[in-house]
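Visitor: One structure coming up, written as structure tokens, with questions to follow.
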């Protein structure tokens, strides 16, 4: 992803730090500008397509390798076995395949973004932990992962605010649930 968009992961303060979340409106505005810039960038040459099925398969491989522990799940998901969450995610991926395409279906994405990976400075995201591989996929992956983190850091009202500020009037609940469920397994 372009260095015009982002600097070093060591710049600024962690976006999930108390100093950053004390000003939630400013944090949300910085996150939205950042995501819009990343998603608007032309995909890098050789960027790997990352469909929901690609992510489900990655989760399946992690499960088979014994790399998933329910203790690390978000509280609402802890009662579920990893195998059950994988089944749910696979079913949601099937539902997504039947949905109409959106403007966010083939954009450059991080694919494993978290609030703690971003650095905030002067009202903007100034650093991050870049993805290992450039990906082209569903922009909801980045939005949903950040929405999950924002809900924990700021509160549940940050979620609709994030989508609204991004410009999505009616967020797709199936897409959000798919990505948040799958996040437990990645």
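Visitor: Go through the range 50-70 and give me each residue that's assigned to a loop (DSSP other than H, G, I, E, B) and touching a strand residue (DSSP E or B) at 6+ places or on another chain (Cβ under 7 Å). Lay out the reasoning, then the answer.
Guide: So in the range 50-70, the residues assigned to a loop (DSSP other than H, G, I, E, B) come out as 51, 65-69.
Result: 51, single match.
Visitor: Considering only the range 43-51, I want to know if a residue exists there that is at pLDDT 90 or above and either closer than 30 Å to residue 99 by Cα or surrounded by 17 or more Cβ atoms within 10 Å (Cβ to Cβ) (or both).
Guide: Of the residues in the range 43-51, the ones at pLDDT 90 or above are none.
Within the range 43-51, none of the residues are at pLDDT 90 or above and either closer than 30 Å to residue 99 by Cα or surrounded by 17 or more Cβ atoms within 10 Å (Cβ to Cβ) (or both).
Visitor: Pick from 84, 33, 99, 23: which is over 27 Å from residue 158 (Cβ atoms) and surrounded by fewer than 17 Cβ atoms within 10 Å (Cβ to Cβ)?
Guide: Working: 33 fails: over 27 Å from residue 158 (Cβ atoms); 99 fails: over 27 Å from residue 158 (Cβ atoms); 23 fails: over 27 Å from residue 158 (Cβ atoms).
Exactly one of 84, 33, 99, 23 is over 27 Å from residue 158 (Cβ atoms) and surrounded by fewer than 17 Cβ atoms within 10 Å (Cβ to Cβ), namely 84.
Visitor: Something else now. For the range 24-49, how many residues are over 18 Å from the mean Cα position of the chain (by Cα) and part of a loop (DSSP other than H, G, I, E, B)?
Guide: 4
Visitor: Follow-up question, since we're still on this one. Within the group 155, 167, 121, 127, which residue is in contact with a strand residue (DSSP E or B) (Cβ under 9 Å, 6 or more places away or on another chain), over 24 Å from residue 53 (Cα atoms) and surrounded by fewer than 16 Cβ atoms within 10 Å (Cβ to Cβ)? Step through it out loud before you land on a result.
Guide: Values: 155 fails: in contact with a strand residue (DSSP E or B) (Cβ under 9 Å, 6 or more places away or on another chain); 167 fails: in contact with a strand residue (DSSP E or B) (Cβ under 9 Å, 6 or more places away or on another chain); 127 fails: surrounded by fewer than 16 Cβ atoms within 10 Å (Cβ to Cβ).
That would be 121, the only listed residue that is in contact with a strand residue (DSSP E or B) (Cβ under 9 Å, 6 or more places away or on another chain), over 24 Å from residue 53 (Cα atoms) and surrounded by fewer than 16 Cβ atoms within 10 Å (Cβ to Cβ).
Visitor: A follow-up question, please. Taking only the range 132-152 into account, find how many residues are crowded, with 21+ Cβ neighbours inside 10 Å, more than 15 Å from residue 14 (Cβ to Cβ) and either touching a residue at least 40 places away in the same chain (Cβ under 8 Å) or in contact with a strand residue (DSSP E or B) (Cβ under 8 Å, 6 or more places away or on another chain) (or both).
Guide: 7
Visitor: Does the range 72-90 include one or more residues that are farther than 22 Å from residue 150 by Cα, in contact (Cβ under 8 Å) with a residue 40 or more places away in the chain and assigned to a strand (DSSP E or B)?
Guide: no
Visitor: Looking at the range 4-22, can you tell me whether even one residue there is assigned to a helix (DSSP H, G or I) and in contact (Cβ under 8 Å) with a residue 24 or more places away in the chain?
Guide: yes
Visitor: When the range 109-118 is examined, which residues are found to be out of contact with any helix residue (DSSP H, G or I) (no Cβ under 6 Å at 6 or more places or on another chain) and either under 13 Å from residue 55 (Cβ atoms) or crowded, with 17+ Cβ neighbours inside 10 Å (or both)?
Guide: Of everything in the range 109-118, those that are out of contact with any helix residue (DSSP H, G or I) (no Cβ under 6 Å at 6 or more places or on another chain) and either under 13 Å from residue 55 (Cβ atoms) or crowded, with 17+ Cβ neighbours inside 10 Å (or both) turn out to be 112, 117, 118.
Visitor: How many of the residues making up the range 173-186 are surrounded by fewer than 18 Cβ atoms within 10 Å (Cβ to Cβ) and in contact (Cβ under 8 Å) with a residue 60 or more places away in the chain?
Guide: Looking only at that region, the number is 3.
The values are calculated or read from the model by the stated rules, or taken from the named source; none is laboratory data. All figures in this text were calculated on a predicted structure; none of them were measured in a lab. All Cβ positions, even for glycine, are placed from backbone atoms using ideal geometry, and neighbour counts span all protein chains on display.
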